[in-house]
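The values are calculated or read from the model by the stated rules, or taken from the named source; none is laboratory data. It should be emphasised that the depicted structure is a prediction, and the values quoted were computed from it without experimental measurement. Reconstructed Cβ throughout: ideal geometry from the backbone, glycine too, with neighbour counts over all protein chains shown. The accessibility values were calculated without ligands, DNA or RNA, using every heavy atom of the protein model including side chains. Shrake-Rupley method; radii C 1.70, N 1.55, O 1.52, S 1.80 Å.
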Amino acid sequence: MSGRRSPWGGSDKGGEGPSDESGKDGEDNDGDSGSEGDGDRSGDKRGPRNPWLPSGSTPPRRSASIEDIFRTRDPRRPGGGSGGPGGGGGNFPRLPQRPDGKSWLPLGIGAAVVALLALSSVHMIGPKEQAVVTLFGKYARTIDSGVNFTLPWPIEQVDVEDVRTFTVDSIPEGEAEKLMLTSDKNLVDLSYLVRWNIKNLVNYKFRLTDPKESVREVAEAAMRASIAQISLNDALSGAGRAQVEQDVRERMQRILDYYKAGVAVQGVEIKKADPPSKVVTAFQQVTVAQQEAERDRSEARAWAQQLLARAQGDAEAFDKVYQQYKLAPEVTKRRMYYETMERVLRDNDTVVAEAKGVTPYLPLSEVKRRAADAAPDAAAKGGQ
Amino acid sequence: MSNVWQDYKAFWIGAGVILVAILMSMIVVPESEQAVVIRTGKPIAVYNGYDPKAAFGQTGAGVHFRIPLVDKVQRIDKRLLSVDMEQQQVLSTDQDRLIVDAYARYRIIDPIKMVETAGTTERVTQQLEPILSSVLRQELGKRTFQSLLTAERGKAMENIRDGLDREAREYGAQVVDVRIKRADLPEGALASAFTRMEAARQEEAKTITAKGQKDAQIIRAGAEGQAAKIYADSFGQDPGFYDFYRAMQSYDVSFAKNEDAKTILLGSDNAYLKHFKEP
């Protein structure tokens with residue numbers, strides 16, 4: 001049996017059985033087992049075919065009428081009605097009946113509708129919010145914070161917006177590089193913030209198709225126009241930054257007012273103005289050069305201080321000696337002469353190469369030997 | 001319930017039909033839209049048309065009526081619409097290339113004309129897009145790169161706006177503003193701009209280094225001069241004695257005991273050694 005049922009060609013039929021035939025077999029089987037109603041077998045083998053049929057004592061499925069489906073579902077419902085299968089048509093859970101035997105249902109629906117209408121005519125507007133009321137699409141009034149009443153939906157519609165909180169737009173979003181041209185044809189990587197809020201809700205609602213996007217676009221246009229007027233150095237150094245921020249804010253406000261966008265631009269702040277990442281190394285070189293130049297200068301100043309101090313010291317020393325010398329010139333001079341000669345000639349090998357007709361002899365080998373020994377053999381050497 | 005239904009069946013059906021009829025003949029026009037009523041292909045009325053002077057609430061927005069099935073209603077945005085131009089390469093008079101990204105803002109001021117010519121606002125936008133591109137390219141192509149970047153941009157934009165506006169009037173639209181959103185260098189120019197920036201920075205770095213060295217040199221020379229003056233002031237009191245005094249110091253240094261000393265032979269008539277002979 002199982003071999004015959006398999007559409008993939010079981011052992012019985014082998015490979016020769018065409019697929020449509022085995023399919024037909026399968027259908028036959030279904031019919032069989034369904035009508036037989038043999039609990040075990042149909043439960044095992046046919047289980048996956050119809051998950052809605054409880055295993056076992058189900059009547060054969062003949063039609064797919066709604067009624068049937070509900071009837072067969074019924075017993076499995078927790079607390080679902082009193083009747084079993086076939087116990088009267090459609091056992092929906094019923095509302096308790098009114099004393100006169102009529103249904104509560106219409107009254108319930110009516111009450112719900114009334115409640116919804118009532119709800120849609122009471123509006124709690126938050127402290128920072130305002131709302132535009134439209135009567136069949138026509139602007140009726142603007143309502144402020146607090147509890148307000150309107151005609152129910154869909155006659156009057158209420159559109160609430162936060163008008164006091166500043167929206168902060170970061171341009172560009174994320175950390176992407178945004179290059180802008182400066183007046184000297186250089187590029188600067190710029191990112192900035194725009195803070196704005198709604199100053200005229202009616203205009204904001206009815207004048208522009210997409211006010212938020214418009215604010216961004218206007219900001220972009222204004223910022224590029226302002227940056228195009230300053231040089232790269234001003235953009236980077238921040239010298240012109242306050243001015244640019246101010247310019248962009250005013251320019252944006254002018255354009256948005258011209259559009260009657262109902263938007264107040266509160267501020268523009270440049271977050272970052274950097275050289276483009278591709279040339280950032282060259283910019284760092286400049287910084288390095290500046291530091292090096294500063295270092296050169298301070299080293300020179302230190303050297304100059306040393307030199308001057310030394311000169312002053314030397315001069316002072318000479319002055320002191322000279323004062324003494326003036327008191328007794330000849331004696332002082334001779335004393336100094338002998339003292340110095342004493343020091344010099346005592347410590348050194350004395351070479352006097354003066355006598356005429358004598359070839360000066362340089363005892364190189366001797367010098368080398370002495371250097372190797374490094375012995376303080378300080379005997380005076382005579383080289384004639 | 002069933003009684004109410006059964007007893008007043010005719011009434012309920014009648015009420016339903018009337019309600020549907022009312023709903024079908026009613027047009028709700030919001031403040032942000034203008035509605036054109038088209039009867040058998042011909043526009044016959046405009047509700048809530050654009051009027052710059054009308055305040056909100058006094059415009060034609062709200063409920064209007066039409067003959068159901070006969071009158072068609074076309075709704076047209078009353079707000080400012082935008083035409084976004086695709087990026088466009090512009091060649092300035094000095095042969096610099098610039099990629100320009102611009103947008104225009106327009107509104108429909110003559111909805112009937114617009115319905116007759118373009119049909120929908122999307123189509124107006126589509127029609128304006130190439131016109132914007134070409135007007136922009138023409139206008140910007142008359143200018144130098146520098147003037148594109150800076151002050152003259154305002155004037156150029158006005159011309160472009162006027163040019164586009166003339167065309168837009170054909171579609172019942174009014175162009176309010178044209179603006180350059182972005183003006184960037186194209187790929188090749190970008191690379192050369194980077195190279196140029198790099199070279200400029202390197203030049204700057206070298207200049208700064210050289211300036212630092214120059215300053216250091218000046219500082220040193222200044223100090224040397226000052227030192228020379230100090231020496232001259234002091235030693236000039238008696239050059240003869242200074243010569244002797246300095247020679248004595250010098251011998252001390254020159255002939256000090258030193259293991260690594262080189263041996264230098266000097267003639268006894270060497271000027272340096274003159275004080276050996278005579279103090």
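Assorted remarks:
- Scanning the range B:136-157 turns up at least one residue that is part of a helix (DSSP H, G or I), exposed (fewer than 14 other Cβ atoms within 10 Å of the Cβ) and of a type in the set (S, T, N, Q).
- One residue stands out among those in the range A:135-160 that are of a type in the set (S, T, N, Q) and in a loop (DSSP other than H, G, I, E, B): the one that is farthest from the other protein chains (Cβ to nearest Cβ), which is A:SER145.
- Those residues of the range A:268-315 which are of a type in the set (Val, Ile, Thr), more than 7 Å from chain B (Cβ to nearest Cβ) and within 30 Å of A:ALA221 (Cβ to Cβ), in sequence order: A:VAL268, A:ILE270, A:VAL280
- Residue check, B:VAL73 touching a Ser or Thr at 6+ places or on another chain (Cβ under 8 Å) and in a strand (DSSP E or B): no
- Scoring A:GLY108 on the criteria (1) buried (at least 16 other Cβ atoms within 10 Å of the Cβ); (2) out of contact with any helix residue (DSSP H, G or I) (no Cβ under 8 Å at 6 or more places or on another chain); (3) within 14 Å of chain B (Cβ to nearest Cβ) leaves a single failure, condition (1).
- Hits in the range A:193-231 - residues which are within 8 Å of another protein chain (Cβ to nearest Cβ) and more than 23 Å from A:LYS138 (Cβ to Cβ): A:SER214, A:GLU217, A:VAL218, A:GLU220, A:ALA221, A:ARG224, A:ALA225, A:ALA228, A:GLN229
- Here B:ILE180 fulfils each of the conditions (1) within 7 Å of another protein chain (Cβ to nearest Cβ); (2) assigned to a helix (DSSP H, G or I) apart from (2).
- First in the range A:250-274 and within 23 Å of A:ASP162 (Cα to Cα), second anywhere and open to solvent by 60 Å² or more (accessible area, probe 1.4 Å) and in a strand (DSSP E or B), Cβ under 7 Å, 6 or more apart: A:GLN266/A:ARG195; A:GLY267/A:ARG195
- Among (1) open to solvent by 40 Å² or more (accessible area, probe 1.4 Å); (2) among the small types (Gly, Ala, Ser); (3) at the interface with chain A (Cβ under 7 Å from one of its Cβ atoms), the one test that B:GLY236 misses: (3)
- Test: residue in the range B:202-219 that is open to solvent by less than 40 Å² (accessible area, probe 1.4 Å), of a type in the set (S, T, N, Q), in a helix (DSSP H, G or I) and more than 13 Å from chain A (Cβ to nearest Cβ): no
- Test result for A:SER183, facing another protein chain (nearest Cβ under 10 Å), open to solvent by 10 Å² or more (accessible area, probe 1.4 Å), in contact with a helix residue (DSSP H, G or I) (Cβ under 9 Å, 6 or more places away or on another chain) and of a type in the set (S, T, N, Q): yes
- Taken over the range B:29-63, the residue count meeting the criterion of being in contact with a Gly (Cβ under 7 Å, 6 or more places away or on another chain), in a strand (DSSP E or B) and either more than 9 Å from chain A (Cβ to nearest Cβ) or open to solvent by 50 Å² or more (accessible area, probe 1.4 Å) (or both) is 2.
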